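This report concerns only the one structure given below.
The values are calculated or read from the model by the stated rules, or taken from the named source; none is laboratory data. From a predicted model like this one, the values you see are computed outputs, not experimental measurements. Here the Cβ positions follow ideal geometry from the backbone for every residue, glycine too, while neighbour counts run over all protein chains shown.
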Amino acid sequence: MARRSTKTPPPDDFEERILDIDVVDEMQGSFLEYAYSVIYSRALPDARDGLKPVHRRILYQMNEMGLRPERSYVKCARVVGEVMGKLHPHGDASIYDALVRMAQPFSMRLPLVDGHGNFGSLGNDDPPAAMRYTESRMARATSLMVESIDEDTVDFTPNYDGSEQEPGALPAAFPNLLVNGASGIAVGMATNMPPHNLGEVVAAARHLIKHPGADLETLMRFVPGPDLPTGGRIVGLDGIRDAYETGRGTFRMRATASIENVTPRRKGIVVTELPYNVGPEKVRAKVKDLVSAKRIQGIADLKDLTDREHGLRLVFEIKNGFHPEAVLEQLYKLTPMEETFGINNVALVDGQPLTLGLKELLEVYVDHRFNVVRRRSEFRRTKRRDRLHLVAGLLIALVDIDEVIAIIRSSDNAAAAKERLMARFSLSDIQTQYILDTPLRRLTRFDRIELESERDKLNAEIEELTRILDSDAELRKLVSGELAAVAKQFGTERRTILLESAGQSVAAVPLQVADDPCRVLLSSTGLLARTATDEPLEQEAAARTRHDVIVSAVPATARGDIGVVTSAGRLLRLPVIDLPALPPSASTPNLAGGAPVSEFLELEADEAVLALTTLDESSPGLALGTEQGVVKRVVPEYPGNKDEFEVIGLKEGDRVVGAVELRTGEEDLVFITSDAQLLRFQAGQVRPQGRAAGGMAGIKLSAGAKAISFTAVDPAGEAEVFTVAGATGALDGTGQGTAKLTPFEQYPRKGRATGGVRCQRFLRGEDVLVFAWAGAAPARAAAANGSPVTLPERDPRRDGSGTSLTGAVAVVAGPV
């Protein structure tokens, strides 16, 4: 069966015409038409109001919808729908993206849309919510962009289908293009303009208004460089100077970072501001890749502590042993924490894309404002003249209102009344019609007074507007004054710091801390720190402060290890590099910048740190004394593969009360007991033992007595003995009672395992020593909180009684 044709046959008079067109010509013509459409209708901003068509249509339509700052928010979907249906013949995604950007305070230096909801995050790490969820209205600054748009200040053109009218540019009461910048990619050209500070740009524009011949150097005194919404730093100003002169240039943006103690143990780099259009997620991802590839070293952890209250806060925790300054330099070099911004000031001027410098951009804007204010003034003058014409006619009628009423009543119709009134009072058609339309209640004597007042006011306003229109100086003065008012209302402080250069380079600073000699210090309050050198600290200071009593100090190297001896008879290995370093200028013993022992070591509930020791196996060893009077010298053998050692085998119920590393082996060991007995004997009387040994008899204790202090004293130097007497039950480690400070030479040497000699006589109510210490002079004392305590004057009597203290003593120590 044959298939039936459904084609409609051509009419009888149809004449086939085929045009031969060169494909090259067709492609060129189509491409140029497309390129012009993209350049003019999409990608490039107008130099007058700084807006692309889509942004201009959004702001204009929001104004038409009445979405002013004092009104409530509406769904963004409604705004997008109105713009798309009436003005913008493109997809809703492009409109919503443009609206979102105008609401982001990190994208716009002066946001033009007041958004309510999720409008994305810095660097577009998190996209905005869908437009059916977010809400918006005009920002306060947008009112200035559309101000007086209904007063014939700008030209309007038909929309895409001729059913609506849209402005070719907004009145723009502030230089939006320079303040908020712009970016866009057209065909064969692109624009990329950074934001600036409103106050600075307005100051430059006002100077240009007053001095039209001002040069670039003068204008740059007002606008030294961009002011980015995200703050940060701009490094190098030569590229900015080039951009302001030629319209093209580059500059480097750097994050704002500081080096802080992020934990008691470690320093860190805290980033509070990132380069423009760079988000924290982008930085975190890049750093993670670099650390995984081992291209960047020294970062122990990265935390994003950003919140609404404190703003951006990225914390890079630096590994111990690395210089934070060198790590920061690596971050600038390898991550988006330093980015380059290429300025390309391409904008439309009279429909033509031009590359403009700073002065040209200001001139185009200022000329636009001159035109807007001039047209506004002409519009207002015309309106006032029209109103004055009506008021004048009404006043003429009020002079003889009875005759006017009589003419109207005696006329056959309104047309006849109108003609008779015009002939009788020499009124114009408009005046006569206005009189006829005016209700009788307006024709009172009081209304005549109001009309005369209105007439005088209109005459004054017309005179003022005429003066502005007739005088270029007055016009410039008005435009300059309006700009000054805008800057006063919306101006803010500069956020971006401009730097001629990056400052002193840290390229010469090694990444890792060198294994330089240092000293590790332990304070009376349990703070640990290391010094910058191995030189002893000065003992005397102009004024004593908290944490200035150093109970133990040992020489070390920055990348070495030391030992920490505890009351449980344990020695714990501690890497020196983990300890906070005191400033090189610290010449007095003050560990306020140290970190507590608990940050580095895990101790039992009743375990305390007694002393520090080197792990040098060539030293004479470590001397320990226990509460039950046992003494021990430990052979210095510390395997490098262990972090914890037992240095004495304690009996049940016993504990170590003192530990000290011997320097020469010729020191005197000193026990002081709770019943005020002091035993001094040579260290040579104690045979060195292995780490697991339990020691030997050190002092013979009386019934019920305990050893409360064990130290080592160099007999060649000056030394002192400090004791505090109190009542039974006061053995809590704090000395509050009667105290005595005695020269060490008053106490003779005795043999090991003997009872010693009395070191303080008890007064009435006293029966025990609550605190005791012997060591190198001069002695320093501190309370439990580290506050200094003044010790009494020296008492030359070996067994004399004590004197009252001004405060409780928790720790006493000699020079370090």
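Quick check on this structure: which one of 177, 144, 198, 170 is at negative phi, modelled with pLDDT under 95 and either out of contact with any Asp or Glu (no Cβ under 8 Å at 6 or more places or on another chain) or surrounded by 18 or more Cβ atoms within 10 Å (Cβ to Cβ) (or both)?
Numbers: 177 fails: modelled with pLDDT under 95; 198 fails: modelled with pLDDT under 95; 170 fails: modelled with pLDDT under 95.
From the options 177, 144, 198, 170, the qualifying one is 144.
Of the residues that sit in the stretch 105-125 and are without any contact (Cβ under 8 Å) to a residue 60 or more places away in the chain and part of a loop (DSSP other than H, G, I, E, B), which one is nearest to residue 72 (Cα to Cα)?
Step one: list which residues in the stretch 105-125 are without any contact (Cβ under 8 Å) to a residue 60 or more places away in the chain, which gives 111, 113-120.
Narrowing the set further to residues that are part of a loop (DSSP other than H, G, I, E, B) leaves 111, 117-120.
On the way: 111: 18, 117: 14, 118: 17, 119: 18, 120: 21 Å.
Ranking the candidates gives 117 first.
I'd like to know if the stretch 248-257 contains one or more residues that are surrounded by 19 or more Cβ atoms within 10 Å (Cβ to Cβ) and closer than 29 Å to residue 479 by Cα. So that I can check it myself, show each step before the final result.
Of the residues in the stretch 248-257, the ones surrounded by 19 or more Cβ atoms within 10 Å (Cβ to Cβ) are 249, 251, 253-257.
From what is left, the residues that are closer than 29 Å to residue 479 by Cα are none.
There is no residue in the stretch 248-257 that is surrounded by 19 or more Cβ atoms within 10 Å (Cβ to Cβ) and closer than 29 Å to residue 479 by Cα.
Only one of 359, 383 is part of a helix (DSSP H, G or I), at pLDDT 90 or above and not assigned by TED's automatic domain parsing to the domain that holds residue 467. Can you tell me which? If you could, list the steps in order and put the result at the bottom.
Numbers: 383 fails: not assigned by TED's automatic domain parsing to the domain that holds residue 467.
On inspection, the qualifying residue turns out to be 359.
Under 17 Å from residue 458 (Cα atoms) and modelled with pLDDT under 90: does that describe residue 388? Reasoning before the result, please.
Details: under 17 Å from residue 458 (Cα atoms): yes; modelled with pLDDT under 90: no.
No.
Go through the stretch 241-261 and count every residue that is in contact with a Ser or Thr (Cβ under 9 Å, 6 or more places away or on another chain) and of a type in the set (Lys, Arg).
As a first pass, look at the stretch 241-261 and keep what is in contact with a Ser or Thr (Cβ under 9 Å, 6 or more places away or on another chain): 242-243, 246-248, 250-253, 255-258.
Okay, now just the ones that are also of a type in the set (Lys, Arg), so 248, 252.
Matching residues across the stretch 241-261 total 2.
Does the stretch 94-110 contain any residue that is touching an Asp or Glu at 6+ places or on another chain (Cβ under 8 Å) and not small (Gly, Ala, Ser)? Show your work before the answer.
Looking only at the stretch 94-110, we keep the residues that are touching an Asp or Glu at 6+ places or on another chain (Cβ under 8 Å), and these are 103, 109.
When the remaining residues are screened for being not small (Gly, Ala, Ser), the result is 109.
Within the stretch 94-110, one or more residues are touching an Asp or Glu at 6+ places or on another chain (Cβ under 8 Å) and not small (Gly, Ala, Ser).
Need pairs with beta-carbon distance below 8 Å; first residue farther than 17 Å from residue 499 by Cβ and free of Cβ contacts under 8 Å to residues at least 24 places away in the same chain and within the stretch 212-228, second small (Gly, Ala, Ser) and crowded, with 23+ Cβ neighbours inside 10 Å; sequence gap 6+ or separate chains.
Correct list of pairs: 222/204.
Would you tally the residues in the stretch 419-439 being assigned to a helix (DSSP H, G or I), within 15 Å of residue 400 (Cβ to Cβ) and without any contact (Cβ under 8 Å) to a residue 40 or more places away in the chain? Explain how you work it out, then say what you get.
Going through the stretch 419-439, the residues assigned to a helix (DSSP H, G or I) turn out to be 419-425, 429-437.
Adding the requirement that they be within 15 Å of residue 400 (Cβ to Cβ) leaves 420-425, 431-432, 435.
Checking which are without any contact (Cβ under 8 Å) to a residue 40 or more places away in the chain leaves us with 420-425, 432.
So the count comes out to 7.
Take the residues in the stretch 727-749 that are surrounded by fewer than 17 Cβ atoms within 10 Å (Cβ to Cβ) and modelled with pLDDT under 90; name whichever of them is nearest to residue 789 (Cα to Cα).
733
Which pairs do you get when a residue that is surrounded by fewer than 20 Cβ atoms within 10 Å (Cβ to Cβ), found in the stretch 775-793, comes within reach of a residue that is small (Gly, Ala, Ser) and in a strand (DSSP E or B), reach meaning Cβ atoms under 6 angstrom, with the pair 6+ apart or on two chains?
Hits for this filter: 776/719; 777/719; 788/782; 791/781; 792/739.
Can residue 206 be described as over 29 Å from residue 73 (Cα atoms), in contact with a Ser or Thr (Cβ under 9 Å, 6 or more places away or on another chain), in contact (Cβ under 8 Å) with a residue 12 or more places away in the chain and among the basic types (Lys, Arg)?
On the way: over 29 Å from residue 73 (Cα atoms): yes; in contact with a Ser or Thr (Cβ under 9 Å, 6 or more places away or on another chain): yes; in contact (Cβ under 8 Å) with a residue 12 or more places away in the chain: yes; among the basic types (Lys, Arg): yes.
Taking the combined requirement at face value, the residue satisfies it.
Suppose the filter is in a loop (DSSP other than H, G, I, E, B), modelled with pLDDT of 85 or more and either in the same structural domain as residue 663 (by TED's automatic domain parsing) or not hydrophobic (A, V, I, L, M, F, W, C) (or both); does residue 529 pass it?
Working: in a loop (DSSP other than H, G, I, E, B): no; modelled with pLDDT of 85 or more: yes; either in the same structural domain as residue 663 (by TED's automatic domain parsing) or not hydrophobic (A, V, I, L, M, F, W, C) (or both): yes.
Against the criterion (in a loop (DSSP other than H, G, I, E, B), modelled with pLDDT of 85 or more and either in the same structural domain as residue 663 (by TED's automatic domain parsing) or not hydrophobic (A, V, I, L, M, F, W, C) (or both)), residue 529 does not qualify.
Touching a Gly at 6+ places or on another chain (Cβ under 8 Å), in a loop (DSSP other than H, G, I, E, B), small (Gly, Ala, Ser) and touching a residue at least 40 places away in the same chain (Cβ under 8 Å): does that describe residue 694?
Numbers: touching a Gly at 6+ places or on another chain (Cβ under 8 Å): yes; in a loop (DSSP other than H, G, I, E, B): yes; small (Gly, Ala, Ser): yes; touching a residue at least 40 places away in the same chain (Cβ under 8 Å): yes.
Judged against the criteria, residue 694 is a match.
Looking only at the stretch 643-666, filter to residues that are surrounded by fewer than 21 Cβ atoms within 10 Å (Cβ to Cβ) and acidic (Asp, Glu); which one of those is farthest from residue 616 (Cα to Cα)?
Filtering the stretch 643-666 for residues that are surrounded by fewer than 21 Cβ atoms within 10 Å (Cβ to Cβ) and acidic (Asp, Glu), the one farthest from residue 616 (Cα to Cα) comes out as 652.
Among what's in the stretch 115-164 and is of a type in the set (A, V, I, L, M) and touching a Gly at 6+ places or on another chain (Cβ under 7 Å), pick the residue that is farthest from residue 306 (Cα to Cα).
Going through the stretch 115-164, the residues of a type in the set (A, V, I, L, M) turn out to be 122, 129-131, 138-139, 141, 144-146, 149, 154.
Subsequent filtering for residues that are touching a Gly at 6+ places or on another chain (Cβ under 7 Å) retains 122, 129, 154.
On the way: 122: 11, 129: 20, 154: 44 Å.
So, considering only residues that are of a type in the set (A, V, I, L, M) and touching a Gly at 6+ places or on another chain (Cβ under 7 Å), the one farthest from residue 306 (Cα to Cα) is 154.
Any idea which of 269, 234 is under 20 Å from residue 358 (Cα atoms) and under 17 Å from the mean Cα position of the chain (by Cα)?
Numbers: 269 fails: under 20 Å from residue 358 (Cα atoms).
Answer to the selection: 234.
Look at the stretch 55-68 and say how many of its residues are surrounded by fewer than 19 Cβ atoms within 10 Å (Cβ to Cβ) and at negative phi. Quick ask: steps written out before the conclusion?
To start, the set of residues in the stretch 55-68 that are surrounded by fewer than 19 Cβ atoms within 10 Å (Cβ to Cβ) comprises 64-66, 68.
This time we only want the ones that are at negative phi, so: 64-65, 68.
Total meeting the criteria: 3.
Among 711, 723, which is at pLDDT 90 or above, more than 17 Å from residue 792 (Cα to Cα) and polar (S, T, N, Q)?
On the way: 723 fails: more than 17 Å from residue 792 (Cα to Cα).
Result of the check over 711, 723: 711.
Listed here are the residues, each with its yes/no results for (1) in contact with a Phe, Trp or Tyr (Cβ under 6 Å, 6 or more places away or on another chain); (2) more than 26 Å from residue 249 (Cα to Cα); (3) assigned to a loop (DSSP other than H, G, I, E, B); (4) modelled with pLDDT of 90 or more.
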site: 289; (1), (2), (3), (4): no, yes, no, yes
site: 297; (1), (2), (3), (4): no, yes, yes, no
site: 301; (1), (2), (3), (4): no, yes, no, yes
site: 315; (1), (2), (3), (4): no, yes, no, yes
site: 320; (1), (2), (3), (4): no, yes, yes, no
site: 328; (1), (2), (3), (4): no, yes, no, yes
site: 340; (1), (2), (3), (4): no, no, no, yes
site: 343; (1), (2), (3), (4): no, no, no, yes
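So, of the residues in the stretch 11-32 that are modelled with pLDDT under 75 and surrounded by 10 or more Cβ atoms within 10 Å (Cβ to Cβ), which turns out to be farthest from residue 52 (Cα to Cα)? Steps first, answer last, please.
First pass over the stretch 11-32, keeping only residues modelled with pLDDT under 75: 11-16, 25-26, 28-32.
Okay, now just the ones that are also surrounded by 10 or more Cβ atoms within 10 Å (Cβ to Cβ), so 26, 28-32.
Working: 26: 29, 28: 26, 29: 24, 30: 23, 31: 21, 32: 20 Å.
Top of the filtered list is 26.
Within the stretch 607-635, take every residue that is of a type in the set (Asp, Glu) and without any contact (Cβ under 8 Å) to a residue 24 or more places away in the chain and give me the one that is surrounded by the most Cβ atoms within 10 Å (Cβ to Cβ). Give the derivation first.
Let us first name the residues in the stretch 607-635 that are of a type in the set (Asp, Glu), namely 607, 616-617, 627.
Right, trim to without any contact (Cβ under 8 Å) to a residue 24 or more places away in the chain and you get 616-617.
Values: 616: 15, 617: 10.
Per the criteria, the residue is 616.
Is one or more of the residues making up the stretch 663-680 free of Cβ contacts under 8 Å to residues at least 40 places away in the same chain and within 51 Å of the chain's Cα centre (by Cα)?
No, the stretch 663-680 contains no residue that is free of Cβ contacts under 8 Å to residues at least 40 places away in the same chain and within 51 Å of the chain's Cα centre (by Cα).
Enumerate the pairs (first residue in the stretch 557-578 and within 20 Å of residue 518 (Cα to Cα) and modelled with pLDDT of 85 or more; second residue anywhere and surrounded by 20 or more Cβ atoms within 10 Å (Cβ to Cβ) and basic (Lys, Arg)) with beta-carbon separation below 7 Å, excluding pairs fewer than 6 apart on the same chain, so at least 6 apart or on different chains.
576/530
I'm trying to understand the selection: among the residues of the stretch 648-662, which are within 56 Å of the chain's Cα centre (by Cα) and either modelled with pLDDT under 90 or in a loop (DSSP other than H, G, I, E, B) (or both)? Spell out how you get there, then give the answer.
Quick first cut of the stretch 648-662, residues within 56 Å of the chain's Cα centre (by Cα) only: 648-650, 653-662.
Result: 648, 649, 650, 653, 654, 655, 662.
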